[in-house]
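The values are calculated or read from the model by the stated rules, or taken from the named source; none is laboratory data. Remember, predicted model here, so these are calculated numbers, not experimental data. As a convention, Cβ positions derive from the backbone with ideal geometry for all residues, glycine included, and neighbour counts pool all protein chains shown.
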Amino acid sequence: MAQFFSIHPDNPQVRLVRQAVDIVRGGGVIVYPTDSAYAIACRLEDKSGAERIRRLRNVDKDHNFTLVCRDLKEVSIYARVDNVTYRALKAHTPGPFTFILPATREVPRRLAHPKRRTIGLRIPEHRIALALLEELGEPLMSSTLILPGHILPQTDPDDIRDHLEKLVDLIIDGGHCGPDPTTVVDLTDDVPVLRRQGRGDASALVPGAERPSRDGTHG
């Protein structure tokens, strides 16, 4: 049965953050809020946790996880970042973006794209997520919480509890999150490519990219 923590989205309680991180370090799978939608995560090296997430989301072994990082310094450990890419990342992080970048050797082979050796990384603009990352001291291996049979991510912690309280180790209630996932931008080539339009406005990165509307939708 999952534990259920109500953590303040603006002033996360240190005691609860530490308890949440202890669960992650102990091999737990957690649900946590971000600046786009709720996500599900485990430790980077936790193969068992990754398999649990795949089964829960009903995705195959080729599903691409995202490494959720504290800052650009941490991103540079797991991805090769040149000067042009660094400027793009600095202008759009923290925020609701996932960037696909060339992976370094620090990324476990099972997580990188098998042919391209790329990895998705993001730095969230959410105080609970950042507090977890700071306490953990390493990235979370994360995936947007989209349940089988659903098109949109989960946004309501009570609904999440109804669906998952017997399937994960911790659910963090940080209030309602928006319904859109991150915007995914591929920065592995000279010209950035928009792979998914989500909450983030990629119009400054990708010419002709769709600009999300004020209510968080796009179109």
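Hey, any hits in segment 135-144 for a residue that's over 15 Å from V31 (Cα atoms), among the charged types (D, E, K, R) and at pLDDT below 95?
No, segment 135-144 has no match at all.
What are the pairs with Cβ atoms under 6 angstrom where one residue, in segment 54-67, is closer than 12 Å to A41 by Cα and the other, located anywhere, is not in a loop (DSSP other than H, G, I, E, B)? Sequence gap at least six, or different chains.
As it stands, the answer is F65/M141; F65/S143; T66/T98; T66/G120; T66/R122; T66/S142; L67/Y78; L67/L121, since those pairs meet every condition given.
What is the residue count in segment 112-129 for residues that are closer than 25 Å to P33 by Cβ and surrounded by fewer than 20 Cβ atoms within 10 Å (Cβ to Cβ)?
The qualifying residues number 2.
Exactly one condition in (1) surrounded by fewer than 20 Cβ atoms within 10 Å (Cβ to Cβ); (2) closer than 19 Å to D190 by Cβ is not met by E106; state its number.
Exception for E106: condition (2).
Looking only at segment 57-91, which residues are touching a helix residue (DSSP H, G or I) at 6+ places or on another chain (Cβ under 9 Å), charged (D, E, K, R) and not in a loop (DSSP other than H, G, I, E, B)?
The answer is E74, K90.
Filtering segment 112-142 down to residues that are part of a loop (DSSP other than H, G, I, E, B), touching a strand residue (DSSP E or B) at 6+ places or on another chain (Cβ under 9 Å) and without any contact (Cβ under 8 Å) to a residue 60 or more places away in the chain, which residue is farthest from N64 (Cα to Cα)?
Let us first name the residues in segment 112-142 that are part of a loop (DSSP other than H, G, I, E, B), namely 112-117, 123-126, 137-139.
Next cut, touching a strand residue (DSSP E or B) at 6+ places or on another chain (Cβ under 9 Å) only: 112-113, 116-117, 123-124, 126, 138-139.
Remaining after also requiring without any contact (Cβ under 8 Å) to a residue 60 or more places away in the chain: 112-113, 117, 123.
Details: A112: 8, H113: 7, R117: 12, I123: 17 Å.
Of everything passing the filter in segment 112-142, I123 is farthest from N64 (Cα to Cα).
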